[in-house]
Amino acid sequence: MTSGPVVLDGHIHWGKWTADRDGWPHCDLPLIRRVLDRCGIDGAVLFPTDAADNEGLARALAPDPTGFHMFAWVDPHDPDGTGDFLAGHGSRIAGLKIHPSLTRLRVTDDAWRPFLAYASRWRLPVIVHCGRWEEMAGWRFVLEVAEQYPDASFVLGHMGGDLPAFQRDCAMEMAERDLPNAFLGTESIREHYSLRFALDRIGPEKIIFGSDYPLGWPAAYLAVLEGADPTEEERELVLGENLLRLIRRRRVD
């Protein structure tokens, strides 16, 4: 583990994927701990795969949650199941994860509203997958809900999408709109120049490191950050401080 400022991976999937994701790698908690240790990372945000096994992740973390922050996977097709889990584990939930592409519902769909309201009530961060399927998972939809729910924080996954043009356009729009509760996650981003552009355009305080493990290797994305030639202040903010600030905003009453 690191001896300097805390380093956190803000985007790790725990568990097994559904049969629809045949060939996607699985991982359990011991493996995640070993990988983080190998990569020099102190802790991480964990959420389930598309199997939405929130209960399983909570059980896995119960004996020793040290270093981990659980985000609940929101399944809009099973709102009662997700709602029951949040009601029973609310104090242990550090945030929510929404994946419009895998659930096939835009984040602006009414089905997400109860969970966005929950995040707003408790001032939770919400990680929202953004991808190439613009009609379903375009970054503009996330900025729309960020404006509607100012008490929640929204992390736009993959810096707005897995293409440099998406990343650039998203950073430019965020700079123009200057939403205080909108952030970019670096998971799966290979383009160091896109990251440098975002650092300069929206500032290092709006960017959160993530790897998308087990779909990505954490050390590879740490190297991408280094390719962006960050200052020490930028490095500390992106690698841990920004994420901790979002998690610590949680309302406790």
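The values are calculated or read from the model by the stated rules, or taken from the named source; none is laboratory data. As the structure is a prediction and not an experimental result, all values here were calculated from the model. When we count neighbours, we look across all protein chains shown, and the Cβ atoms used for this are built from the backbone with ideal geometry, even at glycine. Heads up: the accessible areas ignore ligands, DNA and RNA and are worked out on the full protein's heavy atoms, side chains in. Shrake-Rupley method; radii C 1.70, N 1.55, O 1.52, S 1.80 Å.
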Just give me the residues in region 189-212 being farther than 20 Å from I247 by Cα and open to solvent by less than 20 Å² (accessible area, probe 1.4 Å), in sequence order.
I189, S194, L195, A198, L199
Condition test on Y213, is it in contact with a Cys (Cβ under 9 Å, 6 or more places away or on another chain) and of a type outside the set (G, A, S)?
yes
Any pair with Cβ under 6 angstrom, 6 or more apart, that starts in region 193-207 at a residue that is touching a residue at least 24 places away in the same chain (Cβ under 8 Å) and ends at one that is of a type in the set (F, W, Y) and open to solvent by less than 30 Å² (accessible area, probe 1.4 Å)
K206/F183
For a quick check of your reading of the model, give me the residue pairs whose first member lies in region 34-55 and is under 22 Å from A223 (Cβ atoms) and touching a residue at least 24 places away in the same chain (Cβ under 8 Å), whose second is open to solvent by 10 Å² or more (accessible area, probe 1.4 Å) and of a type in the set (S, T, Y), with beta-carbon atoms closer than 7 Å and at least 6 apart or on different chains.
V35/Y213; G40/T2; D42/T2
Test: R106 is over 16 Å from G15 (Cα atoms), of a type in the set (K, R) and either in contact with a strand residue (DSSP E or B) (Cβ under 6 Å, 6 or more places away or on another chain) or not in a helix (DSSP H, G or I) (or both):
yes
(1) among the polar types (S, T, N, Q); (2) surrounded by 17 or more Cβ atoms within 10 Å (Cβ to Cβ); (3) farther than 21 Å from R196 by Cα all hold for Q167 apart from (3)
Out of contact with any His (no Cβ under 6 Å at 6 or more places or on another chain) and buried (at least 24 other Cβ atoms within 10 Å of the Cβ) - does that describe any residue in region 77-96?
yes
For region 24-40, how many residues are assigned to a helix (DSSP H, G or I) and either surrounded by 14 or more Cβ atoms within 10 Å (Cβ to Cβ) or charged (D, E, K, R) (or both)?
10
